[in-house]
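Peer 1: Mind having a look at this structure? Questions to follow.
The values are calculated or read from the model by the stated rules, or taken from the named source; none is laboratory data. Note that this is a predicted model, so its numbers are computed, not measured. Cβ sites come from the backbone with ideal geometry, for glycine too, and all protein chains shown count toward neighbours. We work out accessible area using only protein heavy atoms, side chains counted, and drop any ligands, DNA or RNA first. Shrake-Rupley method; radii C 1.70, N 1.55, O 1.52, S 1.80 Å.
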Amino acid sequence: MAATQYAFRAQKTAGIADGPSWEVSSRIPADTTAARCYAHSPDGEWFAYAEGSNVHVLPSSSTSSSSTITINQPNVIALSFSPLSTNLFTFERPVKQDSGEMHRNVKAWDVKTGDEVTGWHSKHMDGWEPIITSDESHLLRPQASDISIFSPPLSPKPIVRVRVEGVKGLFLSSPTSLAEGVTSSKPIRPHQEPAVAIWIGEKKGAPASVSLYSLSSLLGKVATSNGEANGEVKTETRDLPNTMARKAFYKADKLHVKWNNAGTQALFLAQSDVDATGKSYYGETNLYLVSLDGSFDGLVDLDKEGPIYDYTWSPNSREFVVCYGYMPARVQLFDMKAKPVHSFGSQHRNFLLYQPQGRLLLSAGFGNLAGGVDVWDVSTRNKVAEFKASNSSHCEFSPCGQYILTATLSPRLRVDNGVKIWWCGGQLLHIQPVEELYQASFSPRLVKDIQPFPPVVPKAPEPNESVAKYGKKGDTTNGSESKPAGAYRPPGARGTVASDIYSRRDDDKPSSGASTPTPMFRGGKPPGRYIPGAPPPGSAPREAPVEDKKKRTRKRGKGENGNVTEDKVEKVAEEIAKVEVKDEEGGDEGNAKKIRNLTKKLKAIEDLKARLANGEVLERTQVKKIESEHQVREEIASLGGSA
């Protein structure tokens with residue numbers, strides 16, 4: 001098994017770092033600057049990067065006998081490999097030619113020789129990557145009024161044109177499966193051939209739709225037998241066939257489709273730019289599940305309002321996870337029929353990622369969130385690690401499942417750019433600060449080549465010197481723990497018992513209604529009226545400082561000549577003492593007033609109980625008021641009244 005490695009690209013450098021030491025190798029020259037893009041081959045054998053006027057293709061492994069190939073092609077801004085790493089595709093910005101001919105800004109190159117094979121024109125960078133089946137037998141290219149299917153993929157003429165109007169997206173499955181023993185549950189057997197999800201947009205009041213087709217149904221019987229006759233390929237034009245796997249819907253300005261590894265089901269997220277209800281600034285989102293055989297299609301029912309942040313399939317193709325709802329968001333596990341199986345709780349999370357082996361699940365809060373990361377054992381539903389990767393904008397698992405890469409990329413953030421490598425148990429192992437870092441990723445592996453992961457998380461290796469050098473000073477948790485931040489309390493309420501009635505609960509469950517004393521005093525509610533900033537009623541009067549007392553008496557006892565006599569000072573002090581004594585003697589009248597107020601509250605509670613008995617739906621605060629009836633009656637009794 002090849003060693004784990006990651007590649008990175010920045011404004012002034014680029015390189016490949018090999019684990020477990022994570023030292024940057026010399027396969028890419030250290031003086032490489034302004035690399036515009038890079039790409040790994042799907043099997044991890046090749047690595048390509050573009051700079052200036054050349055594209056370099058080199059073997060990922062340092063022990064490989066293959067040589068580096070340089071392709072003389074300027075202005076390349078995107079790269080992509082074919083599924084079997086046979087060809088490399090490059091993309092340039094479309095330029096208007098003086099001759100009037102169409103600019104072939106997408107070109108295919110032979111990986112082993114570096115020769116140009118073919119090319120074609122693409123108007124936009126979005127969706128420029130060629131849609132090729134995993135065995136490289138067919139290439140699909142959506143056009144304005146049809147879908148062209150080429151076989152072989154880089155042949156000049158298509159073998160089939162499928163007539164269809166309004167195609168906004170084409171999503172191809174790659175049926176595969178993990179090897180036996182790699183995951184804790186048995187994976188679903190992969191479908192025998194690739195399938196295509198076709199997204200057709202709304203038109204003249206008709207809803208949008210996503211339809212699933214097997215590749216053979218699009219090709220037809222005649223097309224599958226078509227061959228070359230006298231060096232020419234016959235092109236058949238046919239209509240879009242019928243299918244049982246179809247879902248129609250409205251409110252879909254954007255659509256994201258994710259197939260499971262087996263290629264038997266597809267999840268698609270429909271997103272509108274505007275929320276008609278006005279509840280969300282980011283529009284409305286809905287998640288749908290469709291089976292290729294037509295056995296299931298429907299909306300995934302979510303029990304919490306709010307947007308859908310992320311969703312992902314398990315590598316075993318039997319279940320999927322969704323992160324949804326207003327913050328704190330809920331992370332929920334669903335089965336193949338979109339039924340909820342388990343909830344991982346509510347946290348400030350917006351990102352989900354399965355380990356390639358499917359034993360661990362990572363949920364994190366990146367972007368405008370604090371960067372908290374949870375790692376869960378999927379089989380036991382227990383949390384195995386928790387750490388904080390602040391300011392991260394990219395995260396992924398290594399193919400071996402032991403390492404987690406987080407990176408802070410530019411221009412999302414222009415400070416603290418760099419790469420961090422974590423152990424799957426939450427320990428920080430490596431830090432590489434890189435100024436103006438644009439891209440970072442692990443070298444991938446094919447699904448069938450994924451190696452097993454032990455049932456128990458292995459012990460973490462020792463971190464290298466970079467953690468002590470670049471890590472935060474005084475950080476003793478090493479990423480394996482994170483202290484929860486408590487709710488803010490004003491200085492006057494710190495160290496006291498806070499009321500739980502109106503506190504925000506992450507589990508969305510109503511509180512028990514048993515309120516703790518408010519205002520917040522140790523030992524219970526004071527008998528008198530509490531004024532913020534004043535001493536608790538019943539306590540000894542606070543002695544004023546001598547200087548302040550003299551100032552007050554001077555103002556009250558000044559004569560015509562502005563002088564204050566000792567007799568007048570004593571008279572003022574006696575009057576103040578009399579007022580304080582009268583206030584203390586009026587305690588019975590104050591208790592009677594409290595009893596009257598509590599009686600009014602008790603009457604209001606009785607009215608609410610009558611409304612509830614008549615079937616009226618009460619608000620949460622009204623229900624809590626009913627639950628406090630016992631406490632009100634006890635308080636009336638303690639004051640000498642009868643309830």
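Peer 1: What order do you get for 422-431, 148-157 when each peptide is scored by the mean count of other beta carbon atoms within 10 Å, highest first?
Peer 2: Those peptides, ordered most packed to least, come out 422-431, 148-157.
Peer 1: Once all Cα-Cα distances of segment 257-416 are split into 10 Å bins that start at 0, what whole-number percent is in each one?
Peer 2: In whole percents, the pair-distance histogram is 10, 37, 37, 14, 1, 0.
Peer 1: Ignoring ligands, DNA and RNA, what percent of the accessible area of segment 164-223 is carbon or sulfur (1.4 Å)?
Peer 2: That fraction is 52 percent.
Peer 1: While we're looking at this one, here's another question. For segment 56-150, what is the per residue volume of the convex hull drawn over the alpha-carbon atoms, in cubic angstrom?
Peer 2: Expressed per residue, the convex hull around the Cα atoms of segment 56-150 is 123 Å³.
Peer 1: Over segment 31-90, with a single point scatterer placed on each C-alpha, what log10 of the ratio I(q)/I(0) does the Debye formula yield at q = 0.26, 0.27 1/Å?
Peer 2: Treating every Cα as an identical point scatterer, log10 I(q)/I(0) equals -1.13, -1.19.
Peer 1: Averaged over all directions, how much area does the convex hull of the C-alpha atoms of segment 354-464 cover when projected, in nm²?
Peer 2: So the mean shadow area of the Cα hull is 7.1 nm².
Peer 1: In addition: Can you figure out the FRET efficiency of Glu589 with Glu619, using R₀ = 45 Å and their beta-carbon distance, to the nearest 0.05?
Peer 2: 0.80
Peer 1: Okay, next question. Leaving out ligands, DNA and RNA, and with a 1.4 Å probe, what % of the accessible surface on segment 246-322 is carbon or sulfur?
Peer 2: Working: 1570 of 3390 Å².
Carbon and sulfur together cover 46 percent of it.
Peer 1: Over segment 53-185, what is the mean sequence separation of C-alpha contacts under 8 Å (at least six apart), divided by residue count, expressed as relative contact order in percent?
Peer 2: Computed over segment 53-185, the figure is 14 percent.
Peer 1: Which three numbers, in whole Å and largest first, are the semi-axes of the equivalent ellipsoid of segment 77-213 derived from its Cα gyration tensor as √(5λ)?
Peer 2: One finds semi-axes of 28, 24, 13 Å for segment 77-213.
Peer 1: When Lys and Arg each count +1 and Asp and Glu each count -1, what net charge do the other residues less than 11 Å away from Val210, Cβ to Cβ, add up to?
Peer 2: In short, +2.
Peer 1: Continuing with the same structure: Could you give the size of the charge dipole of segment 96-240 about its Cα centre, using +1 on the Cβ of each K and R and -1 on the Cβ of each D and E, expressed in debye and rounded to the nearest 20? Can you show the working numbers first?
Peer 2: Details: 17 positive and 18 negative charges, 96 e Å.
For segment 96-240, the charge dipole is close to 460 debye.
Peer 1: Could I ask something else about it? With each pseudo-label sitting 7 Å past Cα toward Cβ, what's the Ser628-Arg596 distance in nm, one decimal?
Peer 2: Simple spin-label model gives 2.1 nm for this pair.
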